[in-house]
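Take a look at the structure set out below.
Each value in this text was obtained by applying a stated rule to the coordinates, not by laboratory testing. None of the values given here were measured: they were computed from a predicted structure. A quick note on method: Cβ atoms are made from the backbone with ideal geometry, for glycine too, and the neighbour counts reach across all protein chains shown.
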Amino acid sequence: MKRFATGLYAALLVPLLAGAQPLRGTGDLGVVIERASGTVQIVETTGQSTLAQVNGLGDLSHASVVFSRDQRYAYVFGRDGGLTKIDLLSQKIDNRILQSGNSIGGAISQDGRLVAVSNYTPGGVKVFDADSLALVADIPARYGEGDLQSKVVGLVDAPGQKFVFSLYDAGEIWLADFSKQKPAISRYKNIGKQPYDGLITPDGRYYIAGLFGEDGLALLDLWHPEDGVKKILSNYGRGSEKMPVYKMPHLEGWAMTDEYAFLPAVGRNEVLMVDRRNWQQLASIPVHGQPVFVMARPDGRQVWVNFAFPNNDTVQVIDSETLQIIKSLKPGKAVLHMEFTPRGEHVWISARDADKVVIYDTESLQSLEELPMKKPSGIFFTNRAHRTGL
């Protein structure tokens, strides 16, 4: 028995000495985009540390990430049309393809088998096998009388093995159903001018497209898609007084609580509170600058807001019950993104021009750790794998 134990110990020691990674789970992992260098940092939230840097991801100036359902793989969508699959455990690129000339984001299907990418050039959506990155479907976003192709924005996954996205140039929303062998496309025309982004509510019921060319938002009820698209918040947007908009807010950063939505007012220094039952505005909350991301802590008790230039060194925390600002924080210059740990005890904030990620305790609102990064932007944790639309 002693000889067997000694042999077993030696067998386990050899791969460790050879540089193999020790066994670990993936539930507390994530990635941080280093946009200037085409790299990502693999991080872990339990010890608040970086694990590895992965190189060779191309143009990450507007990168986003989704995760496989087992949380092992990160799919990175680059601005250069690159789709990169990263193995978070081996800490290296598993596969990479250039699938278009200019892409803006992506999504992963409900069952985790399909990865979809929204493209500017050429306009449309391409869908790939999540395992091999082999092309499964090509959906050109054609519209009008000629052979025009629209830029595609606001691509999200939806229940029932569906993807939903908006056509910026055409003013349309498309619903792509992949539940059968051949995908079925439903088109909703004349939704409004220049939809620039989209979101799906956490329960997967409502898809909402923001409109850059006019005030208001376009809403599609996915429980009753036969009812078509309706306009909501007709006074939401740039308004009759065309104020300068320094950065269009990201709709996927809306804060959703059980009864309310908190959203950035375009071009105004306000956060709007909206009743989710009828999509009517209830209140406006004055804030430090033009909001970009308005994000709820997982329990909905707090709303965290960051801002466009020139006020982008600040993050404000709003009490969702009293609607009062309870803290203004200064993480560093050019705050671009925030990400809560799965249960919300901490939030990670990227400060691009300060070359760091700052971690805060969401109860004490005190800084816990600063991690040096090269021009960090998006922060994405693996718990997104089990959240609709993320």
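Things worth noting here:
- For the chain, built as a Gaussian network whose Cα springs stay under 10 Å, the top-fluctuating residue of L211, L263, L98: L98
- Cβ-Cβ FRET estimate between L368 and A36, R0 fixed at 30 Å, reported to 0.05: 0.70
- Sorting F309, F67 by the number of Cβ atoms found within 10 Å of their own Cβ, with the fewest placed first, yields F309, F67.
- Helix axis angle, 2-17 relative to the chain longest principal axis, alpha carbon, degrees: 50 degrees
- Among residues other than F307 with Cβ under 13 Å from its Cβ, the summed charge is +2 (Lys and Arg +1, Asp and Glu -1).
- Centroid-to-centroid separation of the range 194-237 and the range 335-390 [C-alpha atoms, Å]: 28 Å
- Between A158, V303, L51, the Cα set farthest toward the positive side of the dipole of the chain (charges on each charged residue's Cβ, about the Cα centre) is that of L51.
- When the Gaussian network model of the chain links Cα atoms closer than 10 Å, the mean-square fluctuations of E345, E252, E363 top out at E363.
- Net lengthening on full extension, D361/A134 (0.36 nm per residue, minus Cα-Cα): 77.5 nm
- 5 angstrom amide H check on S61, placed H, neighbours 5+ away: R79
- Of L83, L219, L323, the residue with the greatest mean-square motion in the GNM of the chain, using alpha carbon springs below 10 Å, is L323.
- Sorted by Cβ density within 10 Å, fewest first, the residues S234, S68, S367: S234, S367, S68
- The calculated 222 nm mean residue ellipticity attributable to helices in the chain amounts to -1500 deg cm²/dmol, summing -39500 (n - 2.57) over DSSP H runs of n ≥ 4 and dividing by all residues.
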